[in-house]
Amino acid sequence: MIKFLQPQYLLSVLLALSSASCVAVEPAPKLSEAQINAQVSEYEELSDQENWSERAREVLVNALSLTGIRYKYGGNSPETGFDCSGFVRYVFKQAASLTLPRSAIEISQLGTTVPKNELQPGDLVFFNTLKSAFSHVGIYLGNNRFIHSPSSGGKVRVENMQDGYWARHYNGAQRLDKKNTPVAKDLSQ
């Protein structure tokens, strides 16, 4: 495994991105060993408080590692770029071995509905961006932030769900559980 993908480095990236402002997020700067250790300690405290599962951590780390990948309508890989559902589908396949349906609306029908005040990292958040309910999907990071592949000309980035646009267009959230989530047939392979 390359150095960047080792847990102590990914956790520092997770913390840096989840505390960033609500504009497009740049990759985290290189940190000293002391800074990394401090952030890992902070993350461990947060993960104990939030009771994050190992699966949720894998999903978040995988999603954040794709920050900056360009948007492409119909895209479903880092090489081609991602649209919103292609991004979510790729992350959950890589991190949780779940094969999700291809569209945001189909993904919204899986799992368990979660009230906004009970969101946990790794939950899927949905938005009405095309004058159609559940037309956009992202992955909740915690602290009112989510990661997604936004739109043409954009790149995978972290946004604040309390920003006016996202707050007005929020549709709901779903929590996926490997045991209770049916696997979609993967017709793309």
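Quick notes on this structure:
- Restricting the calculation to Cα atoms, the stretch 41-175 yields a radius of gyration followed by a Dmax of 13.8, 43 Å.
- Here the peptides 111-119, 56-64, 82-90, 154-162 are ranked by packing, the mean other Cβ count within 10 Å, and the order with the highest first is 82-90, 56-64, 154-162, 111-119.
- Spin-label pair Q120/I105, simplified geometry with 7 Å Cα→Cβ offset, distance in nm: 3.0
- Quotient of Cα Rg and 2.2 N^0.38 Å for the stretch 92-153, N being how many residues it contains: 1.12
- With a Förster radius of 41 Å applied to the beta-carbon distance between D163 and E79, the computed FRET efficiency rounds to 0.85.
Rule-based calculations on the coordinates, nothing more; no lab input. This is a predicted model, so every value here is computed, not measured. With ideal geometry, Cβ positions are generated from the backbone for all residues, glycine too; neighbour counts draw on all protein chains shown.
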